[in-house]
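Presented below is the structure to which this report refers.
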Amino acid sequence: MFRIWTFCSFLWFFLPFQLLKTDFSNFGFLVLIAFILFFILGGQLASKSKMLSFKNYSYDVKFSLSIITLISIIATVFLIFESQGKLTLSLADAYISRSNAAQGLLYGDVSNSSIYFKVAFLTYPAGYVYLALGILFLKKINFFKLTLFGLLPISLSAFAMGGRVQLFYAILVIFLSLSLRKKYWEILGVEKLNKFRWTIKKMFIAVILFTALIVTSIYFVNVFFARAESVGGSEGMFKVAETIWGIGFRGALSNFLFEIFSIDIIFIVFMFSWYLSQGFVMSNIIFEGYDGPLQLGVYGVEIISAIVRRFDGTIIYNNFQSLMDLGTYGFLPSAFGSLFIDFHFFGLIISFLWGWWSTKVYRKTINLSVKSMLLYPFMIIGIILSIINTPIGMTNGFITFFWLFTAYFFIKKQKII
């Protein structure tokens, strides 16, 4: 946690960012330190507890895998129905659609989402869990099944919602799950990931993966350019950042950067680094100036927002108006900023429990608890993404964790006699 936050703060101070409408608050910085310290204290408490050995147990994941597979299929089917006549590769249209949805949420409008979208919203996160289950527990990695039951519903959701976080989250799940499999393959009872040797099949898979990586990267970049086109390109986007966001990019080193690189390249550097560092800045503004109500999860947990909006959209409007007045609505305020909005200083308790749980999962994993290895990638991702999102990792994270713990619960542990 400390390393992640050091990195994002380094980006903010090293690159030529500027705060144009407010000053960086020392009080806000101290509150951030308090949240991080409470997380660390929770971890310290967990590290002192006695840990049992998990060597003498075997695990059956068949039923757990079957449940998640079924949910992934449901998500795929409903996303296909939702996408009929609506799926567009126009990033500009996707951006407008997301903006309209955000505005509708802000003003308490009744949701006009179809039943297909609602079911898909509740089911597509099972794809992340399938990726972890398939990589960690299948004796031999089946790329076809990982694609069909893991990546397909996630990719369809990304296109249907016009997002990119879903794909990034999936990449992190895959990378961390592969790392665990490589390290603990004997305990997991799966085939070892052998040293890489080129074969025709592997070359074919490598080409597909490389192509997917290139396409994903181009997609990420074009999402930013599509947004910029609506305000006059990269130069127009810098003006929007200065006049509306209150964020400039004309500090120290800016002349050097603009002389060497084109404005489009600098714009991409600005956007990617802003995504990583904005939580550091926005949480500072929130800690210093937020005086709205305790939102009790309405802000940080999307499914709670959806439920509350269903019954009384004016609650959303009243709660989010204070964020509009502060100039932080629409930005990513970090896990700690989200906790402060939802629970004020009571969020320190949640930060403490978060640190305790994270350390528990880590210690159980290194003590060879196979069940905890399923939780490990998601725990790490929550810490990595704490700089921009909630403790549960990302948009729709609550539903992701619901399916994660469903899979975890149905993994059968059997003692070896």
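Observations, loosely collected:
- On inspection, SER217 qualifies as part of a helix (DSSP H, G or I), among the small types (Gly, Ala, Ser), closer than 25 Å to ILE171 by Cβ and at pLDDT below 85.
- Set SER113, SER99: member being open to solvent by 20 Å² or more (accessible area, probe 1.4 Å), in a helix (DSSP H, G or I) and modelled with pLDDT under 90: SER99
- If the condition is being β-branched (Val, Ile, Thr) and either open to solvent by 60 Å² or more (accessible area, probe 1.4 Å) or not in a helix (DSSP H, G or I) (or both), then segment 21-37 contributes THR22, ILE33.
- Note on segment 1-20: among residues that are in a helix (DSSP H, G or I) and of a type outside the set (Phe, Trp, Tyr), the one that is surrounded by the most Cβ atoms within 10 Å (Cβ to Cβ) is CYS8.
- Neighbours by Cβ (under 6 Å, 6+ apart or cross-chain): first from segment 39-58, of a type outside the set (Asp, Glu) and part of a loop (DSSP other than H, G, I, E, B); second at pLDDT below 75 and open to solvent by less than 70 Å² (accessible area, probe 1.4 Å): none
- Those residues of segment 360-384 which are open to solvent by 30 Å² or more (accessible area, probe 1.4 Å) and of a type in the set (S, T, N, Q), in sequence order: ASN367
- Scanning segment 141-194 for residues that are of a type in the set (Val, Ile, Thr) and either touching a Gly at 6+ places or on another chain (Cβ under 8 Å) or outside any loop (DSSP other than H, G, I, E, B) (or both) turns up ILE141, THR147, ILE154, VAL165, ILE171, VAL173, ILE174, ILE187.
- Of all residues in segment 291-326, those that are more than 26 Å from PHE401 (Cα to Cα) and open to solvent by less than 20 Å² (accessible area, probe 1.4 Å) total 2.
The values are calculated or read from the model by the stated rules, or taken from the named source; none is laboratory data. None of the values given here were measured: they were computed from a predicted structure. Glycine gets a Cβ as well: all are built from the backbone with ideal geometry, and neighbour counts include every protein chain shown. These accessible areas exclude ligands, DNA and RNA; they are computed on the full protein's heavy atoms, side chains included. Shrake-Rupley method; radii C 1.70, N 1.55, O 1.52, S 1.80 Å.
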